[in-house]
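The values are calculated or read from the model by the stated rules, or taken from the named source; none is laboratory data. Fair warning: this is a prediction, and the values are worked out from it, not measured in the lab. Note that each Cβ is placed from the backbone with ideal geometry, even for glycine, and that neighbours are counted across all protein chains shown. To get the accessible areas, we keep the full protein, side chains included, count just its heavy atoms, and leave off ligands, DNA and RNA. Shrake-Rupley method; radii C 1.70, N 1.55, O 1.52, S 1.80 Å.
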Amino acid sequence: LVSRLEVAIQYLGDNPDTIAIVSGSMGPGETTTEAEAMYLWLIQHGISPSRIVKEPEAHDTIRNLRYSFDIIDSFGVQNPKIAVLSNDFHLCRVRLISHLEGHKIFTVSAPTPYLYLRVTYQIREYFSLLKVWLTYLFI
């Protein structure tokens, strides 16, 4: 999470008109949503609260994107430029879901620290991609 937030700080600094949507619900045993944790971290690192929209309901990548796209659509901007920032291993799935949801995006990559995490998440991502294909195949 911190690697993504560090890249977000840089991206938001380079793109001062950008609004960030931080998305994620509360997991088991957690006391705050991922969206709230990211919101507070970004504010503590100098990002204005007016540039951050929280989406605290999503508990998986499909819903993170769907709910965030709903927020973007509510702004009423024709052909918005949408950047999705996530860890490097995750961006293939993000691109696939966004395409299947009918949204054109570009991605911003955050590095995944530690070799063991990269290997673990790459293996997990294979099965997650399979789940996405099956989800969209049967809806």
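Quick one: Tyr126 ticks every box in (1) closer than 15 Å to Gly24 by Cβ; (2) in a helix (DSSP H, G or I); (3) hydroxyl-bearing (Ser, Thr, Tyr) bar one, so which box is it? Condition (1) is where Tyr126 drops out. Evaluated against (1) open to solvent by less than 60 Å² (accessible area, probe 1.4 Å); (2) touching a strand residue (DSSP E or B) at 6+ places or on another chain (Cβ under 7 Å), Arg93 falls short on exactly one condition, (2).
Take residues that are among the charged types (D, E, K, R), at pLDDT 95 or above and under 30 Å from Phe138 (Cα atoms) and tell me which of the strands (runs of 3 or more DSSP E) falling wholly in segment 7-123 contain 1 or more.
Numbers: elements: 20-23, 52-55, 83-87, 106-110.
Because the criterion is at least 1 residues that are among the charged types (D, E, K, R), at pLDDT 95 or above and under 30 Å from Phe138 (Cα atoms), the strands (runs of 3 or more DSSP E) in segment 7-123 that meet it are 52-55.
Look at segment 1-26: where a residue is within 18 Å of Thr61 (Cα to Cα) and a partner is of a type in the set (Lys, Arg), sitting 6+ places away or on another chain with Cβ atoms under 9 Å, you get Ala20/Arg51; Ile21/Lys54; Val22/Lys54; Ser23/Lys54; Ser23/Arg63; Ser25/Arg63. How many residues does segment 33-78 hold that are surrounded by fewer than 14 Cβ atoms within 10 Å (Cβ to Cβ) and of a type in the set (S, T, N, Q)? Residues that pass the stated criteria total 5.
So which residues in segment 96-119 are open to solvent by 70 Å² or more (accessible area, probe 1.4 Å) and over 19 Å from Leu1 (Cα atoms)?
The initial filter retains those residues of segment 96-119 that are open to solvent by 70 Å² or more (accessible area, probe 1.4 Å), namely 99, 104, 106, 111, 114-116, 118-119.
Of everything in segment 96-119, those that are open to solvent by 70 Å² or more (accessible area, probe 1.4 Å) and over 19 Å from Leu1 (Cα atoms) turn out to be His99, Lys104, Phe106.
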